Every structure is written in structure tokens, then in C-alpha cells.
Amino acid sequence: MSQVPTDRKYTKSHEWVRMLADGSVEIGITDHAQQALGDLVFVEVPEKGRVLASGEACAVVESVKAASDVYCPLAGEVTAGNAELATQPELINQDAFGRGWLLRLKPAGAAQAALLSAAEYAELLRAEGA
């Protein structure tokens, strides 16, 4: 069973969002997503200053199996992309909820209605047979 930490919110497309103390958010892909992709060989993250719409493709993760877009769960401005992933894409496989974060974002608003709680995301995984 995939890990589903309770200190963050989730999307139906398997991204996670964690609120940071300064009001910004950290975004990554879930343990379930990295397991489904397999060993990651390339990750492209957005540059600082890029403005993203909710649901916009914001990053690319590529494994030996496939390349997948990552969709931004919230609208806002990128404050940081995880530069470590350029040379160590495997950090996502090793620590999807920690060092494998993709980007940090200053949200444009407080709209988080489309995000799932940990319990709701765990139920989604069960429904998908994960």
C-alpha cells in the first residue's frame, strides 16, 4: 500500500500539496505515482517566477517506462523548483514526500476546494485498486 501522509492535501491526478509556515506550498507527486512510473531518469521542474494556473502542466517526470506531465494543483507563482532533481531524479523514488518535492508555489488565492484530504485520497487509491 502506498504511503499517504496526513499533513498534506492531494489531487485525483496524484500530486500532493503541503502548506509551509510562510504561507507558500510545496508540491510533488505521490508515492503511488512514483511507484506506477518506476525508476525516474529525468525530471523537469518549473523556473522561479513562472505563473501557473490551477490544472496547468508544470513539470515533467520521465521514467524508463514513460514520460508524464505533472499538473499544478493551485494557481500561483513558482518561488522555487527543486534543482537537485536535475542530477538526482531518483530522489522522487527514494523520498517522494520529502527531498523529492518538485516546486514551491506562492498561491494566488485560498481556493483549495478541489484538493483531497489524506483519507479521501486513500479512498481514491482503494477505488482504483492500488
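Values as computed for the structure displayed
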{"quantity": "Whole-Hz ³J(HN,Hα) from phi, Karplus 6.51 cos²θ - 1.76 cosθ + 1.60, for the stretch 73-84, glycine and proline x", "calculated": "x, 9, 7, x, 10, 5, 9, 6, x, 6, 5, 4"}
{"quantity": "Over the chain: helical MRE at 222 nm, DSSP H runs n ≥ 4 each giving -39500 (n - 2.57), nearest 500", "calculated": "-4000 deg cm²/dmol"}
{"quantity": "For residue 79, residues with placed amide H under 5 Å, excluding near neighbours", "calculated": "49, 104, 105, 106"}
{"quantity": "Cleavage-rule hits (GluC sites (Glu not before Pro)) in the stretch 44-93: DSSP loop, at most 16 neighbouring Cβ within 10 angstrom", "calculated": "47, 56, 90"}
{"quantity": "Contact order relative to length of the chain, as percent, for alpha carbon pairs under 8 angstrom and 6 or more apart", "calculated": "30"}
{"quantity": "Using θ = phi - 60° and Karplus 6.51 cos²θ - 1.76 cosθ + 1.60, couplings along the stretch 7-21 (whole Hz; Gly, Pro as x)", "calculated": "8, 8, 10, 9, 10, 5, 9, 6, 9, 10, 9, 10, 6, 9, 4"}
{"quantity": "Computed FRET value (nearest 0.05) for residue 64 with residue 128, which takes r as the C-beta separation and R₀ as 25 Å", "calculated": "0.65"}
{"quantity": "Cα-only Debye scattering, the stretch 62-105: base-10 log of I(q)/I(0) at q = 0.22, 0.23, 0.28 Å⁻¹", "calculated": "-0.86, -0.92, -1.17"}
{"quantity": "Distance between modelled label sites at residue 21 and residue 57, nm, 7 Å Cα→Cβ extension", "calculated": "3.7"}
{"quantity": "Cα gyration tensor category, rounded, prolate or oblate, for the stretch 1-48 with a/c compared to 1.5", "calculated": "oblate"}
{"quantity": "For the stretch 9-109, the fraction of alpha-carbon pairs in successive 5 Å shells from zero, as %", "calculated": "3, 15, 27, 28, 18, 8, 2, 0"}
{"quantity": "Built amide H within the under 5 Å cut-off of residue 71, gap 5+", "calculated": "58"}
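All of the numbers you see were taken from the coordinates with simple rules; none came from a lab. Remember, it's a predicted structure, so these values are computed and weren't measured experimentally. Note: ideal-geometry Cβ built from the backbone for every residue, glycine included; neighbour counts use all protein chains shown.
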